[in-house]
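The values are calculated or read from the model by the stated rules, or taken from the named source; none is laboratory data. Everything numeric here is computed off the predicted structure, so don't read it as measured data. Counting neighbours? That spans all protein chains shown, and the Cβs are built from the backbone with ideal geometry, glycine included.
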Amino acid sequence: MKNLIACCVLAAALATPSIQAQTAPPAVGGQQIEGIAAIVDEDVILRSELDRAVANILTQYAGREGQLPPREVLERQVLERLVLVKLQVARAEGTGVRVSNQETDGAIANIAQQNGMSIDQLSRQLAADGTSFEEFRRSIRDELMIQKLRQRYAQSRVSVSDAEIDAAMEAQQAGGVQYHLAHILVGLPEGATPEQITIAQDKIDGIKSLLDRGEMDFAAAAVRYSDSPNALEGGDLGWRSLDEIPAAFAELIRNMQAGEVSQPLRGPSGFQLLQMVESRDVDAEAAQTVTQYRARHILIRIDQNTSDAEAKGKIDTLAARLAGGADFAELARQESQDLSSGSSGGDLGWFMADAYGLDFGGQVMRLGDGEVSAPFKTATGWHIVERTGSRQTNLTDQNRRNQIAEIIGRRKLEDEWNRFLREMRGEAYVDLRVGPQAASSDG
């Protein structure tokens, strides 16, 4: 359960009351208004929020505290993450992104289910870990807002050409290699001055010297010095094939050995050090397989005759009947409003995770074979889904093209999104009131 909170880092620990609440007068008796860690445009981050977020990181690193930077550096890193969360949520709200109460409730129900808990048990565990359920709920809503903002950004900014897909498919024909990468970033703002560039260059050179002398391992240096959002994960970038790596770095990585660290590299985000942690061969057949799922579902539609609340009430009743031992297929035949699957007991056959949309696919992927979801909402209505099987299968040519396009699009989105975050941070008014970095900045 502690991992649950740590993995949201910024889930349970990052929720903040409204600024109006922060500017309320002191309580009777002379109590002071709670300390403010940062002002972000028209919002604030409280000192208590920062302390909770730092405490979650310390819990995550229990027994490995030596890998963390000094407290003041850790606070700066966590505070910058909190600032970015605030800015993203504000941008989402300002551009019309909305998350319904039902979507938030559904996400929380999924978290509870994944941890083998009821909602009441989750609430009690959160309280035992020092987080109120309302704080946790606000933070989950914020995470959903950011996800929707990112999806909208991807649709408007990221495209993948046929030529890019053709080149990646050709590279896959003979199999290939995947690389487990990590990086350290010393960031630069857009339009950096010569002085800023020199300071950043000196910093990245200093980090490389520390690594070369063996005074610190790469993950610890990333936690301590990197400006990347994944710094607290040791700079880990996970496994990537060459088509998921920017072209400027692909040839370099191809020639690196396991454990090797590159010389400082100048990229669009600033100066970077790349580590090739390890590599593995992927044969051509494995590269052309994909996971398919089989599932059945019950759908209650939301339409002009059925309100959201009515549909939710009905699906909750059906969920209770299933929990009481009702047969899923029979209930689907009697109650499901999906005309294409209801008569076959809700069976959807075999499909890829994205076949019915990201919301539905995400639910199926999180289940184990034989598990039944809590009620959840999509654009179609309210669902309950049971995953009945999963398998690896060979991709058709079109499915391979779609998968490769998604991989390339994800890599492009990562680059564009990080640039967008830097621009948003540079344009914002941010007054940091904690540590030696405390200063006002506005773009």
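For (1) at pLDDT 95 or above; (2) within 30 Å of Ile404 (Cα to Cα); (3) of a type in the set (Asp, Glu); (4) not in a helix (DSSP H, G or I), each residue gets a yes or a no:
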site: Met169; (1), (2), (3), (4): no, yes, no, no
site: Val177; (1), (2), (3), (4): no, yes, no, yes
site: Leu181; (1), (2), (3), (4): no, yes, no, yes
site: Leu185; (1), (2), (3), (4): no, yes, no, yes
site: Pro189; (1), (2), (3), (4): no, no, no, yes
site: Ala192; (1), (2), (3), (4): no, no, no, yes
site: Asp202; (1), (2), (3), (4): yes, no, yes, no
site: Ser209; (1), (2), (3), (4): yes, no, no, no
site: Gly214; (1), (2), (3), (4): no, no, no, yes
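Listed by first and then second residue, the pairs with beta-carbon distance under 6 Å, at least 6 apart or on different chains, first residue in segment 214-240 and closer than 18 Å to Gln60 by Cα, second polar (S, T, N, Q), are Ala220/Gln67; Val223/Gln67; Ala231/Gln77; Gly235/Ser226. Every listed requirement among (1) touching a strand residue (DSSP E or B) at 6+ places or on another chain (Cβ under 8 Å); (2) not assigned by TED's automatic domain parsing to the domain that holds Met352 is met by Leu413 save one, (1). Across segment 343-352, a minimum of one residue is classified as within 31 Å of the chain's Cα centre (by Cα) and closer than 25 Å to Lys148 by Cα.
Determine, yes or no, whether Phe360 is among the aromatic types (Phe, Trp, Tyr), surrounded by 14 or more Cβ atoms within 10 Å (Cβ to Cβ) and in a strand (DSSP E or B). Answer is no for this residue. Cβ separations smaller than 6 Å between residues 6+ apart or across chains give the following pairs from segment 92-103 residues that are without any contact (Cβ under 8 Å) to a residue 60 or more places away in the chain to residues that are part of a helix (DSSP H, G or I): Ala92/Met145; Ala92/Leu149; Val97/Met145; Val97/Lys148; Val97/Leu149; Val99/Arg141; Val99/Leu144; Val99/Met145.
Quick check on segment 118-139. Is at least one of its residues on the phi > 0 side of the Ramachandran plot, surrounded by fewer than 19 Cβ atoms within 10 Å (Cβ to Cβ) and outside the structural domain of Ala90 (by TED's automatic domain parsing)? Within segment 118-139 (the criterion being on the phi > 0 side of the Ramachandran plot, surrounded by fewer than 19 Cβ atoms within 10 Å (Cβ to Cβ) and outside the structural domain of Ala90 (by TED's automatic domain parsing)), the answer is no, since none of the residues qualifies. The set of residues in segment 364-390 that are surrounded by fewer than 17 Cβ atoms within 10 Å (Cβ to Cβ) and assigned to a loop (DSSP other than H, G, I, E, B) comprises Gly368, Asp369, Gly370, Glu371, Ala379. Is it true that Arg98 is modelled with pLDDT of 85 or more and assigned to a helix (DSSP H, G or I)? It is false that Arg98 is modelled with pLDDT of 85 or more and assigned to a helix (DSSP H, G or I). Could we say that Leu242 is closer than 30 Å to Pro189 by Cα, buried (at least 19 other Cβ atoms within 10 Å of the Cβ) and aliphatic (A, V, I, L, M) here? No; evaluated as a whole, the condition is false for this residue.
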